[in-house]
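Chemist: What follows is a single structure, and I will ask about it in a moment.
What follows draws every value from the coordinates through simple rules; no lab data is involved. Values in this document were obtained by computation on a predicted structure and should not be read as measured data. Here Cβ is always computed from backbone atoms with ideal geometry, including for glycine, and neighbour counts include all displayed protein chains.
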Amino acid sequence: MALSPVSRVRRQLPVSPWLFAAPGLLVVGAFVLYPFVSTVVNSFTDRRTLIPGRFVGLANFRELLHDEMFWIALRNSVLYVLGVVPALVVLPLLLALLVQKNIPGIAFFRSAFYTPVVASIVVVGLIWVWLLDERGLVNSLLETVGVGRVGFLSDQWLLLLSAMAVTVWKGLGYYMIIYLAALASVPRELHEAAAVDGAGAVRRFLTVTVPAVRSTMVLVAALASVAAFKVFSEVYLLAGPTGGPAGEDTTLVMLVQRTGTGLTGRVGYASALSLVVFVVTVALMLLVLRADRREDA
């Protein structure tokens, strides 16, 4: 007996959604789930690049506790978060307020502020290296005014601060767009009512704008925290593969790359480092979300 079209569709329905989702699931499984599970498994082995390795339990994690370079990298990553996140929460909001006005020529400035976001990080890094080098433009200007040359790329702390400046400069436009979308939903009547009550620009910003976009500020803080803790390109391009003088500017992701690559790479130990990065990143996200919920309460 031939099936009616309706019965045929009903029989195909349980399978059809999975067929549509199959390409995406295959990509996620191959490039997200499998690498994650493989990293977790490898973190409990002494695997190297060309050697399968054997199960060593928590030996890699115990080694972490006594690895001086791990603590240096962790310190630099935490300092990076503390230095970059506040700037990327506040400065893009102020920038969004400046470009929010619909005045002639404002589209040019919006595009100009967003240009670093779409620029290649390698190109951006090379530009900043040329600017901050011992014989770069910035040092030439400083020498012209009598200040003298500054070791932006040779001093441990100045190099880290320079990398933070690159991260903030490149991320301003991206978070500015997020804030622009949030500011567009703030009722103009609130600002008008505050102005009628005699509130100045600063007071309106603190009492109207900030509360209205607070959830967006939490989102920006979470995104910026994760990105800052996993920083690699900026420090790598400014400090080089060694991580600055004596490796003092190495971050956790740089340490993972340095440890786990090459013909003699310690894949097991690098996987343990990666797992630590993952746990701390998740902890940062939960900390930001919990702080937001506490504010709501």
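Chemist: Run the numbers on the stretch 35-91 and let me know its relative contact order in percent, using alpha-carbon pairs under 8 Å that are six or more apart.
Modeler: 19
Chemist: Taking the mean number of other Cβ atoms within 10 Å as a proxy for protection, how do you rank 18-28, 221-231, 122-132 from highest to lowest?
Modeler: Taking the mean over residues of other Cβ atoms within 10 Å, the ranking is 221-231, 122-132, 18-28.
Chemist: Also, I was wondering about something else. Could I have the simple spin-label model distance between E192 and L98, label points 7 Å from Cα toward Cβ, reported in nm to one decimal?
Modeler: Placing both labels 7 Å beyond Cα along the Cβ direction yields 2.8 nm.
Chemist: Once both labels are modelled 7 Å past Cα along the beta-carbon direction, what's the V279-I127 spacing in nm?
Modeler: Placing both labels 7 Å beyond Cα along the Cβ direction yields 4.0 nm.
Chemist: Another question, if that's okay. Could you give the size of the charge dipole of the stretch 58-294 about its Cα centre, using +1 on the Cβ of each K and R and -1 on the Cβ of each D and E, expressed in debye and rounded to the nearest 20?
Modeler: The dipole magnitude comes to about 620 debye.
Chemist: About the Cα centre, and with charges only on the beta carbon of Lys, Arg (+1) and Asp, Glu (-1), how big is the dipole of the stretch 173-252? Nearest 20 debye, please.
Modeler: 220
Chemist: Continuing with the same structure: Contact order normalised by length for the stretch 82-173, with contacts defined as Cα pairs under 8 Å and 6 or more residues apart; what percent is it?
Modeler: 37
Chemist: Mind jotting down the distance between the C-alpha centroids of the stretch 91-129 and the stretch 17-86, whole Å?
Modeler: A separation of 34 Å, based on Cα centres.
Chemist: For T45, list long-range residues whose amide hydrogen, built 1.01 Å from N in the peptide plane, is under 5 Å from its own amide hydrogen.
Modeler: It is V56, by chain and number.
Chemist: Take the alpha carbon gyration tensor of the chain, find the square roots of its eigenvalues, order them as a ≥ b ≥ c, and report rounded if a/c is under 1.5; if not, report prolate when a/b exceeds b/c, else oblate.
Modeler: Because a/c hits 1.5 or more and a/b fails to exceed b/c, the chain counts as oblate.
Chemist: Here is a follow-up. Using alpha-carbon pairs under 8 Å, 6+ residues apart, how would you state the relative contact order of the stretch 144-297 in percent?
Modeler: It comes to 24 percent, rounded to a whole number.
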